[in-house]
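Working notes, beginning with the structure itself.
What follows is calculated from the coordinates using simple rules that are stated; it is not laboratory data. Just so you know, these numbers come straight off a predicted model, no measurement behind them. Don't worry about glycine lacking a Cβ; one is built from the backbone with ideal geometry, like all the others, and counts go over all protein chains shown.
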Amino acid sequence: MSVLVYTESDNGSFKKNAYEVASYASEVAKQMGTTATAIAFNSNENTNLGNYGVTKVLNVSNDQLKTFNAKAYAHAIAEAAKNEEAKVIIVSSSSDTKFLVPIVVGKLGAGYAPNVVAAPENINPFTVKRTTFSNKGFAHTQINTEIKVVGVSSNSYGLVENSTQVDIEDFNPTFTASDFSTKSVEIDKVVGKATIADADIVVSGGRGLKDPENWGMIEELADVLGAATACSKPVSDMGWRPHSEHVGQTGKPVASNLYIAIGISGAIQHLAGVSASKTKVVINTDPEAPFFKAADYGIVGDAFEVVPELIEKLKEFKAQNA
Amino acid sequence: MKILVCISNVPDTTSKINFTDGNTKFDTTGVQFVINPNDEFGLTRAMWFKEKQGATVHVATVGGPSSEPTIRKALAIGADEAIRVNTEPTDGYFVAQQLAEVVKKGAYDLIIAGRESIDYNGGMVPGILATLLDMNFVNTCIDLQVDGSNATATREIDGGKEKIATTLPLVIGGQKGLVEESDLRIPNMRGIMMARKKVLNVVEPVEGIMATNDIKFDKPAPKGAVKLVDAANVQELVNLLHNEAKVI
Ligand SMILES: Cc1cc2nc3c(=O)[nH]c(=O)nc-3n(C[C@H](O)[C@H](O)[C@H](O)COP(=O)(O)OP(=O)(O)OC[C@H]3O[C@@H](n4cnc5c(N)ncnc54)[C@H](O)[C@@H]3O)c2cc1C
Ligand SMILES: Nc1ncnc2c1ncn2[C@@H]1O[C@H](COP(=O)(O)O)[C@@H](O)[C@H]1O
């Protein structure tokens with residue numbers, strides 16, 4: 001009857017969101033008077049989950065699952081849920097997880113609340129608070145089914161350390177050929193760089209930068225901050241930047257600690273997708289740009305003057321605080 | 001090939017969001033409803049399959065009579081037939097069950113849905129639908145090619161993309177990228193006239209699980225005013241980010 005949590009890893013290491021969902025699952029388990037069990041695929045770091053209150057890890061180690069496969073992973077998670085008689089399943093909001101969750105939900109006949117931003121408000125009836133209308137509202141959602149799936153919004157609950165003894169058990173789900181009926185044939189992905197989904201800081205450029213040639217300073221700023229780079233929709237539509245960098249309502253969602261918008265006006269569709277970020281900074285020549293209403297800090301000024309200056313000051317700051 | 005495009009009827013992206021009836025309902029006063037942007041990309045891709053590969057394209061929505069203008073718009077853009085399941089779409093699982101019934105009756109090979117509806121942001125209908133029907137599923141799909149019963153779908157992943165090989169019957173959760181922005185179509189007069197003559201079947205819902213319900217809504221607390229830093233004093237921004245916001 002434990003709470004099951006899917007802890008996501010990449011190349012053997014847990015993603016940051018794994019510790020966040022583990023923290024969340026421990027809290028739910030505490031509220032329900034039970035324990036939190038994690039399921040992890042090919043992770044070398046299972047014991048780390050004990051730092052966040054997880055008492056048992058179902059360790060799936062299987063070469064066929066080295067590359068993410070939504071259907072097969074979903075099958076394994078559903079099987080684990082049945083074995084553990086889990087009534088609550090906690091997952092993250094990463095794009096891979098959002099791919100597999102509806103499959104788990106369909107298999108288990110579960111109710112699913114995505115984009116949840118806080119610990120359950122109530123256990124019976126099971127009620128959670130989640131964002132809706134692209135961050136323009138919150139819904140308090142009741143899940144009525146026996147099995148409940150909660151998708152935790154990135155960077156909303158945070159990490160809660162809670163050291164426990166963790167047992168690691170091997171778990172070998174039984175697969176059939178149909179679990180592998182969608183096959184990954186090619187992955188084309190930037191390596192060694194922070195991605196929008198994982199980064200603590202995102203530096204984003206808009207049409208105000210005027211030319212793709214001018215992205216050098218955006219990349220340099222991102223480099224200094226260890227940040228991911230992003231862009232507004234027209235910038236990706238014009239082919240200045242790859243589509244995978246487009247953020248906003250119809251692009252990738254951003255929920256970083258710091259979002260820096262440079263030469264971006266702050267159209268409602270852009271803001272909808274980035275407003276979950278904790279601190280927002282805008283640099284724009286136009287004091288009337290709507291982004292100033294959504295930002296915490298702003299500089300009215302020319303990006304071509306302000307950004308190089310900011311890079312210098314940050315380098316000095318890093319040197320002093322190294 | 002028989003394609004079903006699932007269309008969610010949503011408030012226009014510029015809509016102000018308010019709630020009514022003691023914050024238990026979305027306030028539709030003055031709100032313009034449109035085809036969910038993710039579905040618009042999917043519908044446009046379906047038109048490509050119709051024109052280039054001779055596919056038949058139906059559209060379906062689960063919604064009350066007020067969703068008809070949106071589904072008519074999909075007909076005006078070029079879909080051949082429409083189905084409306086006459087019930088309020090309040091829960092993703094329930095919607096998926098209704099659509100599963102439509103798919104079974106229509107024997108579709110390819111179901112194009114969107115990665116998420118921009119209103120309730122469920123992001124679940126296509127994946128649940130695929131699972132209920134035991135079909136293949138690819139989410140956040142940005143390119144789709146079909147050759148006989150084989151499909152190659154590219155999906156967006158964090159920091160890049162992944163190409164996936166699979167077979168029909170297939171459900172995708174589509175999004176921007178599936179077609180070029182410039183390929184999106186605005187219905188013209190001829191399309192609108194023709195749409196009036198096309199079949200729009202209204203069917204009653206089947207029984208389903210109401211897995212979730214939203215009991216109350218609220219809005220984010222109003223934001224405090226922005227702190228402006230002088231462009232000549234960029235150091236101040238670094239200080240604020242470090243000492244006050246504590247993000248660097
Ligand atoms: C259905 C729909 C969905 C959409 N989804 C998205 C989405 O997901 N994401 C998204 O981003 N947009 C989206 N949009 C588009 C959105 O409405 C805006 O058109 C877009 O966000 C504007 O991008 P921008 O801010 O880069 O460009 P602009 O609005 O052109 O703004 C450029 C800004 O740069 C400033 N500027 C100019 N020169 C400088 C300088 N030297 N230094 C500093 N600042 C300078 C200007 O003052 C201006 O504010 C969507 C639109 C629709 C209709
Ligand atoms: N009421 C509905 N009628 C038809 N299709 C829907 C409906 N709701 C959702 N969908 C489809 O499922 C996708 C994802 O929606 P959701 O799971 O609600 O975020 C949408 O982009 C549509 O393609």
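Quick notes on this structure:
- Expressed to the nearest 5 percent, the antiparallel share of DSSP beta bridges inside the protein assembly as shown is 35 percent.
- Along each principal axis, taking the top coordinate minus the bottom one, the Cα set of the protein assembly as shown gives 68, 63, 50 Å in descending order.
- Amide H contacts under 5 Å for B:G174, placed H, 5+ residues apart: B:A113, B:G114, B:R115, B:C141
- Estimated Rh, the stretch B:123-229: Kirkwood, alpha-carbon pairs, angstrom: 18.5 Å
- Top of A:S184, A:S23, A:S94 by mean-square fluctuation, Gaussian network on chain A, Cα under 10 Å: A:S184
- Counting only lysines at least 8 places from B:K73 when in the same chain, those with an alpha carbon closer than 26 Å to its own are A:K233, B:K2, B:K16, B:K25, B:K50, B:K52, B:K104, B:K105, B:K176, B:K197, B:K198.
- For chain A, hydrophobic long helices are taken as DSSP H runs at least 15 Å long by C-alpha position along their axis with mean Kyte-Doolittle hydropathy of 0.0 or more; these are A:95-108.
- Counting DSSP beta bridges with both ends in the stretch B:2-218, the antiparallel % (nearest 5): 40 percent
- Set of aspartates and glutamates with alpha-carbon distance to A:K193 below 13 Å, sequence-local pairs under 8 removed: A:E219, A:E220, A:D223, A:E245, B:D158
- Rounded FRET efficiency, nearest 0.05, which uses the C-beta distance separating A:S184 from B:D183 and R0 of 30 Å: 0.65
- Dipole of the stretch A:2-180 computed with +1 at Lys/Arg Cβ and -1 at Asp/Glu Cβ about the Cα centre; of A:N51, A:S154, A:H140, farthest Cα towards the positive end is A:H140.
- Amide H contacts of A:I147 (H built 1.01 Å from N, under 5 Å, at least 5 apart or other chain): A:G111
- Above 26 Å, the calculated P(r) of the stretch A:201-320 contains 9 percent of its Cα-Cα pairs.
- Cα principal axis extents for the stretch B:16-168, largest first, Å: 51, 37, 26
- Counting Cβ atoms of other protein chains within 10 Å of each residue's Cβ and taking the mean over peptide A:106-118 gives 5.
- Of the two radii for the stretch A:25-168, the radius of gyration is 0.94 times the Kirkwood radius, both from the alpha carbons; that is the Rg over Rh value.
- Placing +1 on the Cβ of every Lys and Arg and -1 on the Cβ of every Asp and Glu, with nothing else charged, gives chain B a dipole about its Cα centre of roughly 580 debye.
- Whole-percent pair-distance distribution, where bins are 10 Å wide, for the alpha carbons of the stretch A:7-60: 29, 57, 13, 1
- Check: the protein assembly as shown dipole with +1 on Lys, Arg Cβ and -1 on Asp, Glu Cβ, in debye: 1240 debye
- Spin-label pair B:N86/A:T285, simplified geometry with 7 Å Cα→Cβ offset, distance in nm: 5.8 nm
- Across the options A:P287, A:G273, A:F317, the greatest Cα extent toward the positive end of the charge dipole of the stretch A:262-322 (unit charges at beta carbon of Lys, Arg, Asp, Glu) belongs to A:G273.
- Using a Gaussian network model of chain A in which every pair of alpha carbons under 10 angstrom is joined by a spring, one finds that among A:T176, A:T132, A:T97 the greatest mean-square fluctuation is at A:T176.
- The dipole here belongs to the stretch A:222-322: it is taken about the Cα centre, uses +1 on the Cβ of Lys and Arg and -1 on the Cβ of Asp and Glu, and is about 420 debye.
- The GNM of chain B, with springs linking C-alpha atoms under 10 angstrom apart, assigns the highest mean-square fluctuation among B:K176, B:K25, B:K163 to B:K25.
- When the listed pairs A:K98/A:K293; A:K280/B:K246; A:K183/B:K161 are checked against a 24 Å cut-off, the alpha-carbon distance exceeds it for A:K98/A:K293.
- Calculation over all alpha carbon pairs of the stretch A:110-180 in 5 angstrom steps from 0 returns a P(r) of 3, 13, 18, 15, 15, 15, 12, 8, 1 percent.
- Taking N as its residue count, the alpha carbon Rg of the stretch B:86-160 over 2.2 N^0.38 Å: 1.17
- For chain A, Kirkwood radius (reciprocal of mean inverse C-alpha pair distance, Å): 20.9 Å
- Sparsely packed loop sites in the stretch A:1-87 (the GluC sites (Glu not before Pro) outside DSSP H, G, I, E and B with at most 10 other Cβ atoms within 10 Å) comprise A:E85.
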